[in-house]
Amino acid sequence: MLENILEKIETLPPLPQTILEIETFRKQNNQEADELVKIVEKDPLCVATLLKISNSSLFGFNSKIETVKRVINLLGINFTIYVAIKEAIDSVLKIDLHPYGINCENFTKITHSSLRFVDLWITKMDRSFKDEVILACLLHETGKFLLSETIINRGLLEEFRKKIDAGIDITTIENELVEITTHKVTAEIFRYWKFNNNLIEIIEFVDDVNACSKDNREKCQILDIVRTLFDLRNPLSEENKQKALQKAKEYNFDLEYLNYAIKSTNLLED
């Protein structure tokens with residue numbers, strides 16, 4: 001089954017040219033908003049997604065946002081980049097997370113809430129560090145789209161859902177039934193698309209943080225805490241908060257900033 005998944009990855013289409021241009025733009029030292037506007041406006045689907053998100057209840061702006069330039073002015077260059085990249089990936093993989101018991105709307109809501117949380121928590125980190133962590137948090141569940149398809153096609157849906165409903169750890173279920181985890185699949189997808197090696201490593205080793213290189217281990221630890229806190233089945237539950245705080249203690253993070261981010265994100269969720 002593992003070989004079938006890897007073969008499926010090799011048949012994925014390339015990422016749209018718009019995303020390649022955005023990724024080049026992201027790496028520039030001097031970023032001009034007008035340049036990003038020109039890149040994004042080449043992709044009508046990306047424009048529509050940005051406008052939909054910026055006009056959602058997530059932000060609650062008083063007036064309707066109607067242009068990409070306005071989106072960038074209000075939400076910032078980096079957030080615009082993150083959303084554009086994720087939209088491109090979602091369009092290529094065709095979202096269906098039915099086996100995991102979650103729909104597209106809730107998945108998007110959880111993802112955006114996790115980004116707000118990370119932004120609050122590691123606000124004092126330098127831009128390069130923060131960018132890699134946020135991108136990892138935004139994209140680390142990507143492998144679930146391919147795994148969902150595999151679960152359905154292999155007739156494993158009923159068994160998978162029973163184990164999900166029983167509260168068994170998702171990584172354990174994936175290993176047992178499809179012989180690979182979400183994060184390993186995500187890493188392989190991003191290798192195929194030639195994403196940044198640091199991003200790939202942060203995601204690939206989140207199930208085994210100690211195997212991550214020292215250079216990326218702290219980022220991987222942060223991702224582990226975020227994926228624990230925002231578990232798709234019960235994001236921001238009291239149980240997951242305690243698990244996340246325990247991991248933070250083990251990783252020697254300052255709990256003051258983490259607690260502040262958790263409490264503030266709770267307010268955003270209400």
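FYI, it's all coordinate maths here, none of it is from the lab. Predicted model only: the values in this text are computed from it and were never measured. Because the Cβ atoms are built from the backbone with ideal geometry, glycine has one as well, and the counts that use them run over all protein chains shown.
For this structure, a couple of remarks:
- Stokes-Einstein, applied to the Kirkwood radius of the chain over Cα pairs at a viscosity of 1.002 mPa s and 20 °C, places its translational diffusion at 111 µm² s⁻¹.
- Furthest towards positive pole of dipole, Ser113, Leu12, Val206, structure part the chain, Cβ charges: Ser113
- About its Cα centre, the dipole of segment 96-143 is roughly 220 debye, where the only charges are +1 on Lys and Arg Cβ and -1 on Asp and Glu Cβ.
- Peptides ranked, highest mean first, by Cβ atoms within 10 Å: ranges 97-109, 127-139: 127-139, 97-109
- Euclidean distance between Cα centres, segment 203-231 to segment 105-123, Å: 16
- The relative contact order of segment 36-92, computed from alpha carbon pairs under 8 Å that lie at least 6 residues apart in sequence, is 37 percent.
- At full extension, Lys263 and Ile168 could sit 31.5 nm farther apart than now, given 0.36 nm per residue minus the alpha carbon distance.
- Global geometry of segment 10-93, whether rounded, prolate or oblate, following the gyration tensor of its Cα atoms and the 1.5 cut on a/c: oblate
- Taking N as the residue count of segment 122-270, its C-alpha radius of gyration divided by 2.2 N^0.38 Å amounts to 1.08.
- Partnerless Cys - the chain, beta-carbon criterion under 4.7 Å: Cys46, Cys104, Cys137
- What you get for the chain, charging only the Cβ of Lys and Arg (+1) and of Asp and Glu (-1), is a dipole of about 600 debye around the Cα centre.
- Remark on Ile122: its backbone amide H falls under 5 Å from none of the residues 5 or more positions apart or on other chains, H modelled at 1.01 Å from N.
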